[in-house]
1. For region 244-251, in order, what is each residue's ³J(HN,Hα) by Karplus, 6.51 cos²θ - 1.76 cosθ + 1.60 with θ = phi - 60°, in whole Hz (x at glycine and Pro)?
2. Can you tell me what share of the DSSP beta bridges in region 87-244 is antiparallel? A percent to the nearest 5 is fine.
3. Using modelled backbone amide H atoms (1.01 Å from N, in-plane), which distant-in-sequence or interchain residues come within less than 5 Å of L218's amide H?
4. Starting from the residue with the highest accessible area, list F268, F243 in decreasing order, probe 1.4 Å.
5. Using the Karplus curve 6.51 cos²θ - 1.76 cosθ + 1.60 with θ = phi - 60°, what ³J(HN,Hα) values do you get for each residue of region 165-180, in whole Hz, with x for Gly and Pro?
6. With every protein chain present, what accessible area does E117 have (1.4 Å probe, heavy atoms only), rounded to the nearest 10 Å²?
7. Please express the Cα-Cα pair-distance distribution P(r) of region 261-311 as a list of whole percents, one per 5 Å bin, running from 0 to the bin with the greatest distance.
8. For G265, what residues show an amide H to amide H distance below 5 Å, using hydrogens built from the backbone and excluding near sequence neighbours?
Amino acid sequence: MRLLLFLTAACSSPLAPVEKANPVVTAPGDSDAGGPPVDSGGPGGGASDGGGAAGGGDEGGEAEGAGEAGGGGDTSPADPCGDPSVLAPLLDDQTNPVLSPVAADADHGRDNIYAPEVVRVSDSLCLMWYGGQGSDGHDQIFLATSTDCFHWHHYPSEGNPAPVITSAGANHVNDPSVVFVSGVWYLYYTEAATAEDDRIHLATSTDALTWTRQGRVLDVGAAGTWDSVKVGRPAVRHEDGVFKLWYDGNDGTARHVGLATSTDGYTFTRHAANPLVLHAGAVDVKRLGETYVMLREAGDGTYASTSADGLSWCDQGRILALSGQAFDAYG
């Protein structure tokens with residue numbers, strides 16, 4: 001059983017219990033990736049195909065003012081690694097785990113929950129989309145709400161969470177990544193019709209609760225290429241009118257990270273420098289100031305890389321080890 005955990009800087013302070021968040025959503029502000037591939041190295045390179053690294057309370061969908069990666073005006077730091085000091089020391093927060101399965105049975109979302117995407121909509125509302133897996137091995141995407149991004153509640157009710165995105169007959173519906181652009185929520189996710197034959201799909205919404213599936217937006221690459229067997233685990237940002245989608249690619253022998261971009265959110269073009277990070281996967285990409293941060297999963301903790309442009313990445317090693325408790329015993 002995997003639970004969702006929260007990571008905070010070492011200076012975090014205790015928070016009092018809060019009441020359940022009202023799920024009514026008001027829209028946040030809109031959020032507007034050359035370089036050689038970098039081998040992630042270390043244990044992170046052997047990351048399993050389990051759930052993605054939980055990046056804690058990063059605010060997806062927020063405007064952070066960035067030039068388009070790989071072009072445009074030069075607003076990036078001189079160092080191609082960006083500013084690694086943005087990786088403040090992390091500790092397992094004292095509230096962990098922040099969300100637990102309801103009960104272990106065949107219902108999706110009641111056995112194994114993981115791969116969270118957190119968006120702070122307002123000062124009093126945070127939303128978390130996450131994957132929920134049942135004892136039958138299938139999974140779907142669920143929602144949790146919070147008033148402070150620390151204390152979470154299953155949606156629509158604690159005792160009976162219901163999926164917000166599913167696909168009839170699909171084996172795998174998981175790994176949500178969300179951006180809000182011009183009044184529309186875009187949720188990118190992994191879908192596998194059978195086994196783990198991953199492809200990247202899109203769903204859209206105007207209220208963040210009711211979603212319309214738009215179908216596949218990134219398929220596998222041509223035969224013999226680095227991502228010819230699987231593409232999944234999207235991590236999406238929207239900057240200067242461009243959707244930037246980092247993703248896992250697999251040729252059946254190794255897993256790497258690449259980038260695809262789009263101006264409309266539906267039609268994506270792979271970057272010519274792909275793959276960007278070798279022997280890594282299940283990533284989450286955020287931007288802290290002028291520095292891109294990529295978190296990646298591993299069996300012994302969470303690893304990070306930093307970049308000034310979202311293309312050339314510098315491995316910063318493991319930033320969080322396993323806690324020794326049951327909730328992260330498998331990474």
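The values are calculated or read from the model by the stated rules, or taken from the named source; none is laboratory data. Keep in mind it's a predicted model, so treat the numbers as computed, not measured. Surface areas here come from the heavy atoms of the whole protein model, side chains and all, with no ligands, DNA or RNA. Shrake-Rupley method; radii C 1.70, N 1.55, O 1.52, S 1.80 Å.
1. Per residue, the Karplus-derived 3J(HN,Hα) values read 10, 10, 7, 7, 7, x, 8, 9 Hz.
2. Working: 43 of 44 bridges.
Counting DSSP beta bridges with both partners in region 87-244, the antiparallel share is about 100 percent.
3. Here I200 satisfy the definition.
4. Details: F268 25, F243 5 Å².
Greatest to least solvent exposure: F268, F243.
5. Calculated HN-Hα couplings, in order: 9, 9, 9, 4, x, 6, 7, 9, 9, 6, 6, x, 9, 10, 9, 10 Hz.
6. 10 Å²
7. 4, 16, 22, 24, 20, 9, 3, 1
8. F243
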